[in-house]
Amino acid sequence: MSHSSFYEPRSKVTVVGSGNWGSVAAKLIASNTVRLSSFDDEVRMWVFEEKLPSGEKLTDVINRTNENVKYLPGIKLGKNVVADPDVESAEGISLVKGMEVKKEGPCMISTLISKTLGINCSVLMGANIANEIALEKFSEATVGYSKNKEAAEKWVQLFGTPYFIVSAVQDVEGVEMCGTLKNIVAIAAGFVDGMEMGNNTKAAIMRIGLKEMIKFSKMLFPSVKDSTFFESCGVADLITTCLGGRNRKVADAYAKNQGKRSFDQLEAELLNGQKLQGVLTAKEVYEVLSDRGWVEQFPLFSTVHAISIGRLPPSAIVELGDSRSANKQVGNSTL
Ligand SMILES: NC(=O)c1ccc[n+]([C@@H]2O[C@H](COP(=O)([O-])OP(=O)(O)OC[C@H]3O[C@@H](n4cnc5c(N)ncnc54)[C@H](O)[C@@H]3O)[C@@H](O)[C@H]2O)c1
Ligand SMILES: O=P(O)(O)OC[C@H](O)CO
């Protein structure tokens, strides 16, 4: 979002990314820029260009049909959405769930964006399965910001609709950690489903997962607030992802196949080009746990990692007390 004040030109909005969620974000925003005078009507959506089976460029098809035929078929984005392979920005918000582990330690995606582009970066996370929001089913989301409350209020205006209720909290790390870590728990929930262990087991795994999410977030960022875990980005996202997300779906298939088909294979077979976050996040979180000597304090996170690299069977997800010896092995292996 290019910065503007009352006397300056209207803010221009670019959505960077045009997958399933990026496309829905563009749809939400485009419905608001046409009615809010502080924003330019046009919303640019940066597209990672690819050729469709028809031979046409995805960007051309989006601009011709007003539909992301690959990642959000059947939904009109709004005539003011323009697909574009170039990007520019001044005030940013990240909708990406994940983290990167560097030599100097873990780095959140909003921090990477902030450092790379030299801009302030808020985050938006929540119980947000994109296809449901595309169909305008009621849901909520949380904007996390650090200092700039005014920018956070603009994001709330820009994303919020009667069917998408957005609230802001001053806890950017807490909100982003929730969105990132829930994907590991979703993988665990998928294992439980794949093994048909039932609802009590799944609820237990979600509870244990939530406790590890809170503990890990606070150990990394002591400023993280307990109350953030009760926002949409916390417990609500955890529930929706463990019931209906892609991480759950692929982990379910992985367990049903007894680990004989890799996550990469299943992702390619089941998700039509879409990507999973949970397996990679489990690996990155495990690197942090290992590096800091925290492995034994996070049996669920480390067991999900051990299962997803094939070191333990899916059934180990309910043997968390036994995960320590397996994790010692993982620690000695090439990850
Ligand atoms: N889909 C959802 O329901 C949902 C909801 C909330 C948050 N999220 C988060 O949003 C983020 C994006 O997910 P999504 O569902 O929009 O994506 P997606 O999985 O639907 O699509 C993958 C996207 O990545 C692009 N891509 C592939 N290779 C690339 C490359 N080398 N360089 C650049 N781009 C490349 C593809 O073109 C496509 O746009 C993730 O962090 C996800 O956790 C997703
Ligand atoms: O499909 P998943 O597992 O990436 O979950 C989607 C969203 O993160 C739910 O909010």
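Does ILE129 meet the test of being among the β-branched types (Val, Ile, Thr), touching a Gly at 6+ places or on another chain (Cβ under 7 Å) and more than 13 Å from ligand 1 (Cβ to nearest atom)? In short, no. When MET99 is tested against the conditions (1) within 18 Å of LEU28 (Cα to Cα); (2) within 16 Å of ligand 2 (Cβ to nearest atom), the lone failure is (1). Each residue in the stretch 150-167 was checked for being within 24 Å of GLN277 (Cα to Cα) and either in a helix (DSSP H, G or I) or more than 16 Å from ligand 2 (Cβ to nearest atom) (or both), and 1 pass.
All conditions in (1) under 18 Å from the mean Cα position of the chain (by Cα); (2) not in a loop (DSSP other than H, G, I, E, B) hold for GLU42, with the sole exception of (1).
Applying a threshold of 9 Å to beta carbon distances and a minimum spacing of six or more residues, or different chains, the list of pairs starting in the stretch 215-227 at a residue that is assigned to a helix (DSSP H, G or I) and ending at one that is among the small types (Gly, Ala, Ser) and surrounded by fewer than 16 Cβ atoms within 10 Å (Cβ to Cβ) reads LEU220/GLY105. Regarding the stretch 47-55, can at least one residue be identified that is over 23 Å from the mean Cα position of the chain (by Cα), within 16 Å of ligand 1 (Cβ to nearest atom), more than 30 Å from LYS149 (Cβ to Cβ) and in a strand (DSSP E or B)? Within the stretch 47-55, one or more residues are over 23 Å from the mean Cα position of the chain (by Cα), within 16 Å of ligand 1 (Cβ to nearest atom), more than 30 Å from LYS149 (Cβ to Cβ) and in a strand (DSSP E or B). All of (1) assigned by TED's automatic domain parsing to the domain that holds GLN297; (2) away from ligand 1 (no atom under 16 Å from the Cβ); (3) within 19 Å of the chain's Cα centre (by Cα) hold for ILE184 with one exception: (2). Here LYS147 clears all of (1) within 14 Å of ligand 2 (Cβ to nearest atom); (2) part of a loop (DSSP other than H, G, I, E, B) except the condition numbered (1). Look at the stretch 165-183: where a residue is at positive phi, no partner that is aliphatic (A, V, I, L, M) and away from ligand 2 (no atom under 12 Å from the Cβ) sits 6+ places away or on another chain with Cβ atoms under 7 Å.
The condition of being aliphatic (A, V, I, L, M), surrounded by fewer than 17 Cβ atoms within 10 Å (Cβ to Cβ), more than 16 Å from ligand 1 (Cβ to nearest atom) and in a helix (DSSP H, G or I) holds for only one of ALA255, ALA203, that being ALA203. Scanning the stretch 95-126 for residues that are in a helix (DSSP H, G or I) and either farther than 18 Å from ALA152 by Cα or acidic (Asp, Glu) (or both) yields a count of 4. Screening the stretch 66-121 for residues that are outside the structural domain of ARG35 (by TED's automatic domain parsing) and basic (Lys, Arg) and picking the one that is surrounded by the fewest Cβ atoms within 10 Å (Cβ to Cβ) gives LYS103. For the stretch 32-43, the criterion of a residue being crowded, with 17+ Cβ neighbours inside 10 Å, away from ligand 2 (no atom under 16 Å from the Cβ) and under 20 Å from LEU135 (Cβ atoms) is satisfied by at least one position. Exactly one residue out of GLY209, GLY144, GLY194, GLY179 is touching a Ser or Thr at 6+ places or on another chain (Cβ under 8 Å) and either surrounded by 21 or more Cβ atoms within 10 Å (Cβ to Cβ) or under 27 Å from LEU271 (Cα atoms) (or both), and it is GLY144. Taking the stated definitions as given, is ALA141 assigned to a loop (DSSP other than H, G, I, E, B), within 11 Å of ligand 2 (Cβ to nearest atom) and not assigned by TED's automatic domain parsing to the domain that holds SER217? Spelling it out, it is not the case that ALA141 is assigned to a loop (DSSP other than H, G, I, E, B), within 11 Å of ligand 2 (Cβ to nearest atom) and not assigned by TED's automatic domain parsing to the domain that holds SER217.
Quick check on ALA188: is it assigned to a helix (DSSP H, G or I), farther than 28 Å from SER122 by Cα, among the aliphatic types (A, V, I, L, M) and free of Cβ contacts under 8 Å to residues at least 12 places away in the same chain? For ALA188, the condition - assigned to a helix (DSSP H, G or I), farther than 28 Å from SER122 by Cα, among the aliphatic types (A, V, I, L, M) and free of Cβ contacts under 8 Å to residues at least 12 places away in the same chain - is not met. Has the stretch 78-92 got any residue that is among the small types (Gly, Ala, Ser), within 22 Å of the chain's Cα centre (by Cα) and within 16 Å of ligand 2 (Cβ to nearest atom)? No, the conditions are met nowhere in the stretch 78-92.
Checking the stated criteria, MET99 turns out not to satisfy the condition of being without any contact (Cβ under 8 Å) to a residue 40 or more places away in the chain and within 12 Å of ligand 1 (Cβ to nearest atom).
The values are calculated or read from the model by the stated rules, or taken from the named source; none is laboratory data. No experiment lies behind these values; they were computed from the predicted model shown. We place every Cβ from the backbone using ideal geometry, glycine too, and count neighbours over all the protein chains shown.
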